[in-house]
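Student: Here's a structure for you.
The values are calculated or read from the model by the stated rules, or taken from the named source; none is laboratory data. Everything numeric in this text was worked out from a predicted model, so none of it was measured. Glycine gets a Cβ as well: all are built from the backbone with ideal geometry, and neighbour counts include every protein chain shown. Surface areas here come from the heavy atoms of the whole protein model, side chains and all, with no ligands, DNA or RNA. Shrake-Rupley method; radii C 1.70, N 1.55, O 1.52, S 1.80 Å.
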Amino acid sequence: MITSVHNDKIKYARSLKRRRTRYREGRFCVEGVRLVQDAWRAGIFPALVFYTPQSLRPSGERLIAEMAEANVPCLATTERVLSSISDTVTPQGIVAILPMPDMTIWRPADFSLILDRVSDPGNLGAVLRVAAGAGVEQVWLAPGTVDPFN
């Protein structure tokens with residue numbers, strides 16, 4: 001179990017909060033059982049997974065077991081350590097480091113959305129969820145819009 005916020009893997013995860021580091025490394029963090037599980041079900045193989053055993057519900061425990069069986073490095077941490085890499089006030093018990101998808105692929109689409117100067121990551125997330133529900137096929141982010149991996 002990782003008990004120190006000074007652990008190299010924890011420092012690495014925290015470094016991914018910086019845009020420059022995320023893009024240089026080609027990785028970003030996601031938090032919460034639902035998001036990690038969605039990525040896993042989509043075939044995305046995490047580089048690292050951090051979790052607090054006491055915070056996970058059975059679905060999270062099953063997810064950790066499944067990923068560990070597939071040789072994903074799943075590292076138990078204390079709540080204090082997980083809080084140091086979490087972006088939420090109340091950490092959700094799991095944080096995964098995922099590879100960034102290739103965002104440069106352009107393809108014709110019948111239904112696109114262009115966002116300009118959306119500055120809040122939470123607002124961008126809400127717009128993207130609504131767009132997905134409405135059947136939007138691709139989203140373009142104009143300069144000045146928040147980093148989608150923030």
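Student: Given the options L16, L115, L82, which has the most mean-square fluctuation in a GNM of the chain, springs set between C-alpha atoms less than 10 angstrom apart?
Tutor: L115
Student: Using a 1.4 angstrom probe on the protein heavy atoms only, could you order T104, T145 from most to least accessible area? Provide the component values of the computation, followed by the final result.
Tutor: Working: T104 115, T145 25 Å².
So the residues, ranked largest to smallest area, are T104, T145.
Student: How much of the accessible area of the range 1-97, in percent, comes from carbon and sulfur atoms when a 1.4 Å probe is used?
Tutor: Details: 2730 of 5490 Å².
Solvent-exposed carbon and sulfur of the range 1-97 make up 50 percent of the total.
Student: Which residue fluctuates the most in the chain, going by a Gaussian network model with Cα springs under 10 Å, if the choices are Q37, Q54, Q92?
Tutor: Checking each option, the largest mean-square fluctuation is seen for Q54.
Student: Right, another one. So, in nm, how far is label N123 from label R62 when the simple model puts each one 7 Å beyond its Cα toward the Cβ?
Tutor: 3.8
Student: Rounded to the nearest 10 Å², what accessible area does D8 show when all protein chains are kept and the probe is 1.4 Å?
Tutor: D8 has an accessible surface of roughly 120 Å² with all protein chains in place.
Student: Moving on to the next point. By how many degrees, between 0 and 90 and to the nearest 10, does the Cα long axis of helix 121-134 differ from the longest principal axis of the chain?
Tutor: 60
Student: Under a crude label model (7 Å from the Cα following the beta-carbon direction), how far is A47 from M100 in nanometres?
Tutor: The modelled label-to-label distance comes out at 1.1 nm.
Student: How large is the accessible surface per residue of the range 58-150, computed with a 1.4 Å probe and reported in Å² as a whole number? Let's see the in-between values first.
Tutor: Details: 5650 Å² over 93 residues.
Here the per-residue accessible area is 61 Å².
Student: How much mean residue ellipticity at 222 nm does the chain get from its helices, if each DSSP H run of length 4 or more adds -39500 (n - 2.57) and you divide by all residues, to the nearest 500 deg cm²/dmol?
Tutor: Details: 6 runs with 57 residues, N = 150.
My calculation for the chain gives -11000 deg cm²/dmol from helical runs alone.
Student: Further question: With an 8 Å cut-off on Cα pairs and a minimum separation of 6 or more residues, tell me the relative contact order of the chain in percent. Write down the numbers at each step before the final one.
Tutor: Details: 206 pairs, mean separation 41.2, N = 150.
The value is 27 percent.
Student: Cα convex hull of the chain: how many Å³ per residue?
Tutor: Working: hull volume 18.8 nm³, N = 150.
Output value, Cα hull per residue: 125 Å³.
Student: Taking chymotrypsin sites (Phe, Trp or Tyr not before Pro) that fall in a DSSP loop and have at most 14 other Cβ atoms within 10 Å as cut points, what is the longest piece of the chain between them? Kindly include the intermediate steps, with their values, before the conclusion.
Tutor: Numbers: sites that count: W106, F111.
The longest uninterrupted stretch comes out as 1-105.
Student: Give the Rg/Rh ratio for the range 1-45, taking Rg as the radius of gyration of the Cα atoms and Rh as the Kirkwood radius, to two decimals.
Tutor: Working: Rg = 12.3 Å, Rh = 11.9 Å.
Reported Rg/Rh, Kirkwood definition of Rh: 1.03.
Student: Let me ask something additional. Starting from the exponent 0.38 and prefactor 2.2 Å, build the expected Rg for the range 4-84 from its residue count and divide its actual Cα Rg by it. Spell out each step's value before the answer.
Tutor: Numbers: Rg = 12.6 Å, N = 81, 2.2 N^0.38 = 11.7 Å.
Relative to the 2.2 N^0.38 Å estimate, the range 4-84 comes out at 1.08.
Student: Here's something else I'd like to know. With springs connecting C-alpha atoms under 10 Å apart, model the chain as a Gaussian network and identify which of G93, G32, G135 has the largest mean-square fluctuation.
Tutor: So, out of G93, G32, G135, the one fluctuating most is G135.
Student: Further question on the same structure: Provide the FRET efficiency to the nearest 0.05 for the D116-A39 pair, computing r from the beta carbons and using R0 = 41 Å.
Tutor: Numbers: r = 28 Å, r/R0 = 0.67.
Here the calculated transfer efficiency is 0.90.
Student: Taking the 0 to 90 degree range and rounding to the nearest ten, how far is the long axis of helix 58-69 tilted relative to the main principal axis of the chain, both from C-alpha atoms?
Tutor: 90
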